[in-house]
1. Using 1/(1 + (r/R0)^6) with R0 = 35 angstrom and r between the beta carbons of residue 147 and residue 243, what's the FRET efficiency to the nearest 0.05?
2. Taking N as the number of residues in the chain, what value does Rg over Cα atoms divided by 2.2 N^0.38 Å take?
3. Between residue 87 and residue 162, what is the label-to-label distance in nm when each label sits 7 Å out along the Cα-to-Cβ direction?
4. Relative contact order, percent, of region 28-176 when contacts are C-alpha pairs under 8 Å separated by at least 6 residues?
5. Mind giving me the FRET efficiency for residue 199 and residue 65? R0 is 30 Å, r the Cβ-Cβ distance, nearest 0.05 is fine.
6. Of all DSSP beta bridges in the chain, what percent run antiparallel (nearest 5)?
7. Averaged across orientations, what area in nm² does the convex hull of the alpha carbons in region 6-89 project?
8. What ranking do 52-65, 35-48 get when scored by the average of other Cβ atoms within 10 Å per residue, highest first?
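Computed from the coordinates by the stated procedures, all read-outs in this text should not be read as laboratory data. The shown structure was predicted, so the numbers you read here are calculated from the model rather than taken from an experiment. Backbone-built Cβ (ideal geometry, glycine too); neighbour counts: all protein chains shown.
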């Protein structure tokens, strides 16, 4: 393993925000989707995506230097294995990290006060409720890595007829994947009413129930909390677990 020099370590941190923002710009424009079929010139891309050609060139070269997109000849770009991921849930993650989360991160200080409410006028979850497209992006982003999570859940020793409640289950993709692996299970996706979802796509054995896990959860045999508790401090996380325990 090659050792990283002290200078390189600092340089990677210093320029990290630039890469984060460039990735979000490319994701929001839909560059990876526009390059799905063939390499294209930056002039053609800029015209189609309503972007300034010179600025887009700089953004794509910044990303190509890191292996996200490639420039086979000057001014022409194509997808790479990494940029292809932006056509799926990684694109939603790029939007969040390089958009609202980057703005909130840039406002961080050592006062102990949360920066997001100061910038957006409300907490993150209320902001998502007020902005349906952002909520949709968040729920899409939360699908990332679901295959591995489904695999871990499916490998457990199930009785075979349980009702599984996915607490904070978002659009239900995780629970649907589990139910496909175990045909005897039934599921309840439990999340806030504004969650972006296709209830018809949940299937006959799965339903969506709206509510707050600080107040109540539906009755079930098994409760799943996947990538949920890390969003909250210890006090709030304890309240969530107490709500489930009280059911």
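1. Numbers: r = 29 Å, r/R0 = 0.82.
The calculated FRET efficiency here is 0.75.
2. Working: Rg = 21.2 Å, N = 247, 2.2 N^0.38 = 17.9 Å.
Against the compact-globule rule of thumb, the ratio is 1.19.
3. Reported label-point gap for residue 87 and residue 162 is 3.7 nm.
4. Numbers: 125 pairs, mean separation 25.3, N = 149.
Relative CO of region 28-176 lands at 17 percent.
5. Values: r = 43 Å, r/R0 = 1.44.
That gives a FRET efficiency of 0.10.
6. Details: 4 of 17 bridges.
Here the share of antiparallel DSSP bridges comes out near 25 percent.
7. Average projection, Cα convex hull of region 6-89: 5.7 nm².
8. 52-65, 35-48
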